[in-house]
1. Through the Karplus equation 6.51 cos²θ - 1.76 cosθ + 1.60, θ set to phi - 60°, convert the phi angles of segment 104-120 into ³J(HN,Hα) values in whole Hz; use x for Gly and Pro.
2. Quick query: amide H of G74 versus all other amide H atoms, modeled in the peptide plane; which residues come in under 5 Å with a sequence gap of 5 or more or a different chain?
3. Once amide H atoms are placed 1.01 Å from N in the peptide plane, what residues at a sequence separation of 5 or more from V69, or on another chain, have their amide H within under 5 Å of its amide H?
4. How many nm separate the modelled label positions at Q43 and L77, each set 7 Å beyond the Cα in the direction of the Cβ?
5. In nm, to one decimal, how far is the modelled label at R93 from the one at R15, with both set 7 Å along Cα→Cβ?
6. Rounding to the nearest 20 debye, state how big the charge dipole of segment 26-80 is about its Cα centre with +1 on each Lys and Arg Cβ and -1 on each Asp and Glu Cβ.
7. Over the residues of the chain, compute the C-alpha Rg and express it relative to 2.2 N^0.38 Å.
8. When the Karplus curve 6.51 cos²θ - 1.76 cosθ + 1.60 is applied with θ = phi - 60°, which whole-Hz ³J(HN,Hα) does each residue of segment 146-157 get, with x for Gly and Pro?
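What follows is calculated from the coordinates using simple rules that are stated; it is not laboratory data. In this text the structure is predicted, and so the values were computed from the model without any measurement. Neighbour counts run over all protein chains shown; Cβ positions are idealised from the backbone, glycine included.
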Amino acid sequence: MMVEIRAAVLTVSDRSARGERGDESGPALAELLREAGAAVVAQEVVSDELEPLAERLRALADRGDVNLVVTTGGTGLSPRDNTPEATRAVLEREVPGIPEAMRAETLRQTPAAMLSRAVCGTRSGALLVNLPGSPKAVRECFAVIRPVLAHAVAQLAGGDHEKE
């Protein structure tokens, strides 16, 4: 069963949300998704504020035309990095293998990978994945998850449990 990936890209950055810095990682992520055959149906920039971020994640996951929500930014150790907490607050089920795989693979390239607090899980038939905030880290982490995205959204849509 082939299911079209319909993705929402959410850049989490106070500075980009205030217009003080351009968003580079969101457009890079959107391009990677399109190259993987996904339709990018929403692309937004939001601040790191916990409750509004959780509300935005909830709204995107609950949209009927979205089956993948990918965030970029807010996964580190700074006091304003709230993406994992906001994501956990809206998840129905966690999918720990995805962020574990991203950390394991990117740790081969940089020790900073072990500082990532990214999480992943499901809500309303959508997969939610946190990626780091730099375009380089987005490319590296996306390369890790790309092979499983179509299978994950097919399973969420009630598809066969056999690998597509």
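1. So the J values, rounded to whole Hz, are 4, 6, 6, 5, 5, 9, 7, x, 4, 4, 6, 8, 5, 10, 3, 10, 8.
2. The list, which skips near neighbours in sequence, is G133.
3. Residues meeting the amide H criterion: A8, L127, L128, V129.
4. With each label placed 7 Å out from Cα toward Cβ, I get 3.3 nm.
5. According to this spin-label approximation, the distance is 3.9 nm.
6. Working: 5 positive and 9 negative charges, 15 e Å.
Value, rounded to 20: 80 debye.
7. Values: Rg = 14.5 Å, N = 164, 2.2 N^0.38 = 15.3 Å.
Dividing the Cα radius of gyration by 2.2 N^0.38 Å gives 0.95.
8. In residue order, the calculated couplings are 3, x, 10, 4, 4, 5, 5, 5, 5, 5, 5, 7 Hz.
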